[in-house]
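Coordinate-derived values only; no laboratory data. What you see is a predicted model; the values in this text were computed from it and never measured. So basically every Cβ, Gly included, is an ideal-geometry build from the backbone, and we count neighbours across all protein chains shown.
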């Protein structure tokens, strides 16, 4: 597909406030996943993936356990997913995924982030069709052909595989996440997966430059401050 994957979700500085935001985000997401499915990660694969991801992001075990216990107890808040799409500074495309117990509040909060930062919020489908819902794995390596051969032997559906600067990136349909992960770790027992996630990967990039760069960073910071925002995906590429 001729593109280099970069993590498109909000990067958060390692301050105490940012850590609390990360813990809260995972706690809410784990709670919803466990409540809507099974609280047992052995049978709920989405929950298992989420727990593994939370641990990689250094979320304490007690935060994870508390969210699962809360889901087991029933009751509690009812969260719904909400997705907003539009164009950020420099006309880059943006997808904002939220979990909310009040759709009106969340919409107003996200809309304000767009309005105050020279961005335009659109309706459903405005830009989502320009992203692909993919399982993405990234690890150090040089021989993508050998990796592809191993995946093919395991009958894994691979969308694309790239090697750049000593890093191999594997893209697959999001439904193939665990199948790809199991195949990679089985064929390369010592591999360290630096990225293992389900993401919205842009089909094309939009280069932003000049004043649009700080404006875009301010826009992301504003979204980061919204309690209901879980993930932000975009196709912005900073000019050198």
Open item on the list: Explain nothing, just the number: relative contact order of the stretch 55-111, from Cα pairs under 8 Å at least 6 residues apart, as a whole percent.
Closed with: 25
TODO: Please label the shape of the stretch 108-240 as rounded, prolate or oblate, based on the square roots a ≥ b ≥ c of the eigenvalues of the alpha-carbon gyration tensor (a/c under 1.5 means rounded; beyond that, a/b larger than b/c means prolate, else oblate).
DONE: prolate
TODO: Note the full-extension length gain between residue 145 and residue 188 as 0.36 nm times their separation in residues minus their Cα-Cα distance, in nm to one decimal.
DONE: 14.1 nm
Task: Ranked packing of 31-39, 54-62, 229-237, most packed first, by mean Cβ within 10 Å - done: 229-237, 31-39, 54-62
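If you take the square roots of the eigenvalues of the alpha-carbon gyration tensor of the stretch 186-225 and sort them as a ≥ b ≥ c, do you get rounded (a/c under 1.5), prolate (a/b over b/c) or oblate? Don't jump to the answer; show the numbers that get you there.
Details: a/c = 3.16, a/b = 2.31, b/c = 1.36.
Judged from the Cα gyration tensor, the stretch 186-225 comes out prolate (a/c at least 1.5, a/b above b/c).
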Task: For the chain, calculated [θ]222 nm from helices alone, where every DSSP H run of n ≥ 4 adds -39500 (n - 2.57) - done: -12000 deg cm²/dmol
Task: Spacing of the two label points (7 Å from each Cα toward its C-beta) at residue 40 and residue 18, in nm - done: 3.9
Task: Alpha-carbon centroids, the stretch 78-123 and the stretch 196-240: separation in whole Å - done: 13
- [ ] Give the residues of the stretch 193-234 whose amide nitrogen is closer than 20 Å to a point set 7 Å from the Cα of residue 53 in the direction of its Cβ.
- [x] 193-203, 220-221, 223-234
Task: Entry for Rg and Dmax of the Cα atoms in Å (calculated from the structure that is shown) out of (1) 28.9, 100; (2) 18.3, 61; (3) 18.6, 52 - done: (3)
